[in-house]
Amino acid sequence: MDLIDDPSPGENTPEFSVSELSGAVKRVVEGEFGFVRVKGEVGRVVRARSGHLYFDLKDDRSVLACTTWKGQVSNLSVIPEEGMEVVAQGKLTTFPSQSKYQMNAVEVSVAGVGALMAMLEKRRVALAAEGLFDPSRKRPLPFLPEVIGVITSPQGAVIRDILHRLRDRFPRKVLVWPVAVQGKDCAPQVARAIRGFNAMKAGGKLPRPDLLIVARGGGSIEDLWGFNEEEVVRAAAESAIPLISAVGHETDTTLIDHAADRRAPTPTAAAEIAVPVRLELMATVDQSGARLKRGVNEAITRRRQRLQDLSRALPRPEALIAQAQQRLDHLTARLAPALRAGLLKRRSELATTAAGLRPQSIHASLGRRREALDARAARLAPALMRRTNRERERLAQRTAMLRPQLITARTRHQSERLTALTSRLATNQRSQAEARTKRLQSLARLLGSLGYEETLKRGFAVVREGEAVITTAARAAKATSPLEIEFQDGRHSLGRSATKKPPKPKAPPPEQGDLF
C-alpha cells in the first residue's frame, strides 16, 4: 500500500508581492481609522529643505511619526516644538518604503493651559536673555503725537473705544492697520503691520505715525496667543516708532507687553496714555497766562512807582539847562568881536613876518638848523655804539644758549646727506662717462669704416698735388708737376724716388673720464 504525503499547510494561500501587501495594509489602515486626533508629547522635530515638517508624538510606551507637508505647515496654529504636549489632528496612513505607519498632521494645538504657560515661560526667558526686554531699549513716548498708528481689528469695539477716547481728550490723526487679533493669521499680520508703519517715510503720501498702539480686547490665553509669538515680539522690539501695547485686560499679560515701550492695561487706557487732555492743557495755559499777566502788571507797577519816587529827587529840566543857555548867549555875544580882533592880530603878525623875510635871515636860520643837525649827528654815534653793544651782548647770550649737540647732530645729518649725494653723483658720472666712451668708440668705428683708407684697401689711390691738394682731373695732372700718389701701403712721388710713408696713426680714443 503506497503512502501519499499530505500537502503542507498554507500551500493553497495566494501569494502577494511586497507592493501589493503594502498597498493592502495602507488601504486597511486608512479605511479603518481615517481622520483621528492624537494627544502626546512632541519628540524629534525636523524641518526638511523641501519645506516638509517631520515630528514625533510619544507617550511613556509608544512613538507615532507625524508628517506635515509644505503646503500644510503655514495653516498650523502652533508649530510643534520639542517637549510640548499637543493634540495633533490628521489622517493615519502608511509609508511603504520603510514599512511603518504615520499620521499626516494638518492641525496642531496645545494640549492644555499648563503646557501653554510652560512654553510661554520658556520663550520669555529665551527672549529676555537676548535683551529684547531690557528697560534701556525702551524709548520715551512723544508728549503730543501728530499721527497715531493703531494696529487692531477694524470691526471690534476696541478701535471705537480708542477713537472715542482720543476725540474726547485731544483729537489726533489716526491711521488704522487692520489685522486679525486671534488665530493663526494674527502673529504674521501684526508683525507685518509694525514693520509696515516703520517702513513709511516722513513726508510721503501717508504721514508716518509718531506713536503706535497694538490693541485687542480681553480673552483666553489661546485667544491672545498670537501676541506671544516670537515674530511679534521681535517686531515690537525692533520698532523705531515708540509703541504702546494694549492687549487684553489689566490682568492679561503677553510677551509683547515686555517688548513694548509702554504697557496699557486696556485699549482705552492706551488712548489716555497717548495724548493729554486738551481741556486740561488749555486750562493750564490759561492759568499760566493769567499768572504771567499778573506778574508783568505787578512788575510794571512796582517799577513805575520806583521811577516816580526817584524822579522827585531830580531837578526840573528847565533848571538844568538855564545856566547852559545863559553861558551860550554870553559866548555868542563875545564871538563876533573876538573873531574880528583875532583876524586883525593875524594880519599884523603876517605883515611883521613878511617884513622879516630876508635872505640873510634865511641863511642864518639854515645855519642854525645845520648846527642843530650836526649836534644830533654827534649824539647819534654814541647812541649807535651803545645800541651795537647791547645787541652784541644779546647775541652773546643767545650764542651761549645754543647747544653744541644740536649743531653736531645737524652737521652729522648734513654730512651723511652730502656723502649720499656725492656717491650718487660719482655713480652718475661714471655711468655717463661709460655711455659716452661707448658712443665715441662706436663713432670711431664708423669713421674707420667710412674713411678713405678703407677705400684704398679695395684698390683705389689718391693723387695729390703737394701735401694738401687732391687732383681729380687728368688735365690738372698734366699741368701739375710733381704729383704724389697714395696707395694702401704708402705714397709714391712721380719723377722722384718712391717713398713709403707710414699711414697716419689714428687718434687714440679719449679717456673714460673725459666729458663731451
Within the stretch 74-101, how many residues are loosely packed, with under 14 Cβ neighbours inside 10 Å, free of Cβ contacts under 8 Å to residues at least 60 places away in the same chain and not small (Gly, Ala, Ser)? 5
List the number of the failed condition for Ser50; all other conditions in (1) small (Gly, Ala, Ser); (2) at pLDDT 85 or above; (3) at positive phi hold. (3)
Can Val190 be described as touching a strand residue (DSSP E or B) at 6+ places or on another chain (Cβ under 7 Å), part of a helix (DSSP H, G or I) and crowded, with 16+ Cβ neighbours inside 10 Å? yes
Scan the stretch 167-184 and give yes if some residue there is under 30 Å from Val29 (Cβ atoms), assigned by TED's automatic domain parsing to the domain that holds Ile256 and not polar (S, T, N, Q), otherwise no. yes
Any chance Lys184 is free of Cβ contacts under 8 Å to residues at least 60 places away in the same chain and part of a loop (DSSP other than H, G, I, E, B): no
Whichever residue in the stretch 242-253 is out of contact with any Gly (no Cβ under 7 Å at 6 or more places or on another chain) and touching a residue at least 24 places away in the same chain (Cβ under 8 Å) and, among such residues, is farthest from Leu120 (Cα to Cα): Pro242
Report yes if some residue within the stretch 387-394 is among the polar types (S, T, N, Q) and under 30 Å from Arg491 (Cα atoms); otherwise report no. no
Which one of these does Val29 not meet: (1) under 56 Å from the mean Cα position of the chain (by Cα); (2) surrounded by 15 or more Cβ atoms within 10 Å (Cβ to Cβ); (3) of a type in the set (A, V, I, L, M, F, W, C)? (1)
Ala115 being in contact with a His (Cβ under 8 Å, 6 or more places away or on another chain), in a helix (DSSP H, G or I), modelled with pLDDT under 90 and closer than 18 Å to Thr253 by Cβ: no
Condition check for Arg160: in contact with a Leu (Cβ under 7 Å, 6 or more places away or on another chain) and not in a loop (DSSP other than H, G, I, E, B): no
Name the pairs: first residue in the stretch 122-148 and assigned to a helix (DSSP H, G or I), second residue surrounded by 12 or more Cβ atoms within 10 Å (Cβ to Cβ) and among the hydroxyl-bearing types (Ser, Thr, Tyr), Cβ to Cβ under 8 Å, at least 6 apart or on different chains? none
For the stretch 201-216, state whether one or more residues are assigned to a helix (DSSP H, G or I), crowded, with 23+ Cβ neighbours inside 10 Å, among the β-branched types (Val, Ile, Thr) and assigned by TED's automatic domain parsing to the domain that holds Arg123. no
Check the stretch 104-114 and report whether any residue there is aliphatic (A, V, I, L, M), exposed (fewer than 14 other Cβ atoms within 10 Å of the Cβ) and without any contact (Cβ under 8 Å) to a residue 24 or more places away in the chain. no
Hey, does the stretch 280-288 have a residue that's touching a residue at least 24 places away in the same chain (Cβ under 8 Å) and either touching a helix residue (DSSP H, G or I) at 6+ places or on another chain (Cβ under 8 Å) or under 22 Å from Ala191 (Cα atoms) (or both)? no
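The values are calculated or read from the model by the stated rules, or taken from the named source; none is laboratory data. On a predicted model such as this, the values are computed, not experimentally measured, just so you know. Positions of Cβ are backbone-derived with ideal geometry, glycine not excepted, and every protein chain shown enters the neighbour counts.
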